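Let me begin by presenting the structure, written as structure tokens, before commenting on it.
The values are calculated or read from the model by the stated rules, or taken from the named source; none is laboratory data. As the structure is a prediction and not an experimental result, all values here were calculated from the model. A quick note on method: Cβ atoms are made from the backbone with ideal geometry, for glycine too, and the neighbour counts reach across all protein chains shown. Heavy atoms of the whole protein, side chains included, go into the accessibility calculation; ligands, DNA and RNA do not. Shrake-Rupley method; radii C 1.70, N 1.55, O 1.52, S 1.80 Å.
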Amino acid sequence: MLKFLIRLILWIPRQILSYLKQIWSLKRYPRGPFPLPVIGSMWRQYDTSVSEMTFRKLAKDYGNIYSLWAGSYHCIVLCGYQAMKEVLIDHSKAFVDRPVTAYLSTATKEKGIIFSNGHTWWQQRQFGVVTMRKLGLGKKSMEVQIQEEAQEVVEFFAETKGQPFDPSLSMMKLFSNVICATAFGHRFSTEDQNFLELIDKISFLLRFGGTVSYFLYEAFPCIMKHLPGPHQTVLSFMENMLSFAKKEIKQHKENQCQHEPQDFIDFYLLQMEKTKDDPNSTYNEDNLAHCIVDFFMAGAETTLSSLKWALLIMATHLDIQDKVYKEMEEVFSPSHTICYEDRRKLPYTNAVIHEILRFRYSLLFGLPRKSVQDIHVNGFLLPKGIIILGDLRSVLLDPEQWETPEEFNPHHFLDKEGNFVMKEAWLPFGAGARACLGELLAKIELFNIFTRLLWAFRVEPPEGVELSEKSIIGAIVHPTPYKICAHPRIKTPQSGLTTRRSC
């Protein structure tokens, strides 16, 4: 207790000095909300309440490049496509690092891919890109696994027999098992207790990122690390997930010579063996375990959020859902097995999926970057070490880039002839050197699952229920819990119609 009090006494003058430095430096940076002691500019967030609109509201007051102080951390926020392009795209190599904050450093130890920097990040990222290709990402081997998992979801929907149900849990198991197959080479039973606990821990970890406890830990790490609370639970869960990964690594090492590399762990262990005499190698079991946790953290909950939004939007836009089905019915035979390559034959369906990812971005904002050199943009100096926060949601809703940004409109991705057209401002997976490693995997998952479900069912609100499109705000933005009815499509090729029963 005495040590804690001494640290607290020493901490107060440091905070006063830090605040005086903040005030002195204001004139050098883009303007923004005036920082208060300790909490920085966060008072503006409490004033406006944290929502998907928070950063865009501040941009209206301070411009598309503005300053925001999170405690003692100074961030430059980018809003809109033009600001994002001028900084993170045109100067991509200058913003390859992640900020090393108190919580992230404690939780991730700056290992793996997402939160590492420098040589470690470069090696882990390059290995990840190459290995994903070797595993058949975008080829039939990986897609077959995704199709098998998707079929289980189709069967789960069928078992509901048109009655109202919450689709969330079955889909979370699906995305987690796809990552298990990629990393471990096998899937888990959906009744496996360890697997279910893993799913729960992933969800808890990602919810924590938007809580008051998280911000308090970042602002007062010396104090918070001695106090009980959700932050201690999160750090414990992180260790549990790393132990889960290391258990799989140990099993792979025991069987390493019995087969050719079949999954991410196999390829990583082979790389460790090849580089064991290289003093600059960062390939080790700790980094491997953190890479695996990164896959789960980045790939499961975000894709789940996107598909939950997709089903909700289809249930509230039945006319668009019926157009998707009609397009598939015109292209496919009733027995056709849908695959990712089919997107080229389905321009309207492809446009709907892209519009879902634009209209309902799954993150509250893009992951922060840190500059590795001084950059001048629009008369502002962005000095080496500054934290850059790209508001990707503002890019996806930029009125200068989208005809009806606040409306769900698949025609954003269609030309006058109905052909699919990609837009430069479509950046749900980020931009530059730190763009999401799992972008292609997510696209394959979403296309396969979305089309298979709408090929088999018409999803509708329960009778007499008006579904809400309100969000639950956290590091991942989910829709509020909802139930839908999945009515099996009864295909009648002669008439081109389907029949259904009402809830």
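Restriction of the trypsin sites (Lys or Arg not before Pro) in the range 158-214 to DSSP coil positions whose beta-carbon has at most 15 other beta-carbons within 10 angstrom yields Lys161. P(r) tail, the range 255-369: Cα-Cα pairs separated by more than 18 Å, 69% of all pairs. Listed by chain and number, the aspartates and glutamates placed with their C-alpha closer than 16 angstrom to that of Lys384 are Asp97, Asp374; residues fewer than eight positions away on the same chain are left out.
Of the accessible area of the chain, computed with a 1.4 Å probe over protein heavy atoms only, carbon and sulfur atoms account for 56 percent. Loop-located trypsin sites (Lys or Arg not before Pro) in the range 222-289 (DSSP state not H, G, I, E or B) with no more than 13 neighbouring Cβ atoms inside 10 Å: Lys276. Where only DSSP H runs of four or more residues are counted, the chain gives -16000 deg cm²/dmol as its mean residue ellipticity at 222 nm, each run worth -39500 (n - 2.57). Taking 31 Å as the limit for the C-alpha separation, the pairs Lys85/Lys201; Lys323/Lys483; Lys247/Lys483; Lys323/Lys423; Lys109/Lys250; Lys201/Lys225 exceed it in the case of Lys85/Lys201; Lys247/Lys483. With all pairs of separate Cα atoms included, the range 104-233 yields a Kirkwood hydrodynamic radius of 17.8 Å. Summed over all non-identical Cα pairs, the Kirkwood treatment of the range 105-166 gives a radius of 15.0 Å.
The length gained on full extension between Asp374 and Asp277, counted as 0.36 nm times the residue separation minus their Cα-Cα distance, comes to 31.3 nm. Subtracting the Cα-Cα distance of Val144 and Lys326 from their residue separation scaled by 0.36 nm leaves 63.0 nm. Maximal additional length on extending the His226-Gln163 stretch stands at 17.8 nm, based on 0.36 nm per residue less the C-alpha distance. Taken per residue, the accessible surface of the range 224-282 reaches 60 Å², heavy atoms only and a 1.4 Å probe.
More than 16 Å apart: what percent of Cα pairs in the range 393-482 qualify? It works out to 74 percent of all Cα pairs. At a probe radius of 1.4 angstrom, the accessible area of the range 367-434 per residue rounds to 48 square angstrom. Neighbours of Phe429, meaning other residues whose beta-carbon lies under 9 angstrom from its beta-carbon, give a summed charge of 0 when Lys and Arg score +1 and Asp and Glu score -1. Under the combined filter of DSSP loop state and at most 10 neighbouring Cβ atoms within 10 Å, the range 165-223 retains these GluC sites (Glu not before Pro): Glu191.
Calculated FRET efficiency, Glu400 to Lys483, Cβ-Cβ distance, R0 = 45 Å: about 0.75 to the nearest 0.05.
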